[in-house]
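Notes for the one structure printed next.
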Amino acid sequence: MHFLGRISEAEKASLMARADVFVAPNTGGESFGIILLEAMAAGAAVVASDLEAFSLVLGTEPVGKMFANEDSADLAQAVIDVLRDDVMRQDFVTRGKDQAYKYDWNVLVDEVIGVYESVHVPGQVVREDAAGTAFGRAKVWGKGDRE
């Protein structure tokens with residue numbers, strides 16, 4: 001293992017593509033597991049701490065192995081399990097690529113457009129007003145209305 005310091009995105013992708021296992025021992029502060037998706041898209045099996053953000057990415061039918069947060073023995077065992085079991089590791093790689101693809105912008109753009117189209121009212125613009133910001137409501141503005 002070599003610590004490389006700061007590397008470019010291209011170097012990161014290349015290193016992930018050559019890895020048998022990508023380990024994410026994060027202990028908190030994650031709102032989403034983008035790094036897991038990057039590793040899975042690159043073809044690495046993922047071993048990650050059991051943070052809620054990571055479990056949402058790895059799913060209910062796991063596409064990677066999780067270990068108890070801040071438990072170094074559990075982390076070590078999880079890595080050993082994945083490295084020793086070629087079938088498990090390859091399954092994580094295959095299903096991980098499928099999972100990462102679901103988050104690809106080329107896939108998500110249709111979903112995002114669909115959401116906008118589902119709330120679109122012809123001739124009207126939807127904007128949040130000050131109360132809406134505070135209470136999660138939106139005001140529908142018709143043509144000619146001002147902000």
Some residue of the range 22-30 being in a helix (DSSP H, G or I) and either on the phi > 0 side of the Ramachandran plot or of a type in the set (Val, Ile, Thr) (or both): no
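Yes/no matrix, rows are residues, columns are (1) outside the structural domain of Ala42 (by TED's automatic domain parsing); (2) in contact (Cβ under 8 Å) with a residue 12 or more places away in the chain:
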| site | (1), (2) |
| --- | --- |
| Asn69 | no, yes |
| Asp85 | no, no |
| Arg89 | no, yes |
| Tyr116 | yes, no |
Members of the range 97-117 found to be of a type outside the set (D, E, K, R) and either farther than 28 Å from Asp20 by Cβ or touching a strand residue (DSSP E or B) at 6+ places or on another chain (Cβ under 9 Å) (or both), listed by number: Leu108, Val109, Val112, Ile113, Gly114, Val115, Tyr116
Ala78 being buried (at least 17 other Cβ atoms within 10 Å of the Cβ) and under 21 Å from Lys12 (Cα atoms): no
Filter result for Leu83 (surrounded by 15 or more Cβ atoms within 10 Å (Cβ to Cβ) and closer than 26 Å to His2 by Cβ): no
Number of positions in the range 31-44 that are assigned to a loop (DSSP other than H, G, I, E, B) and modelled with pLDDT under 95: 3
Subset of the range 27-58 [touching a residue at least 40 places away in the same chain (Cβ under 8 Å) and over 17 Å from Lys97 (Cβ atoms)]: Thr27, Gly28
In the range 2-21, residue farthest from Phe67 (Cα to Cα) [restricted to those that are in a loop (DSSP other than H, G, I, E, B) and in contact (Cβ under 8 Å) with a residue 12 or more places away in the chain]: Ala19
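The values are calculated or read from the model by the stated rules, or taken from the named source; none is laboratory data. Being a predicted model, the structure only gives us computed values, none of them experimental. Don't worry about glycine lacking a Cβ; one is built from the backbone with ideal geometry, like all the others, and counts go over all protein chains shown.
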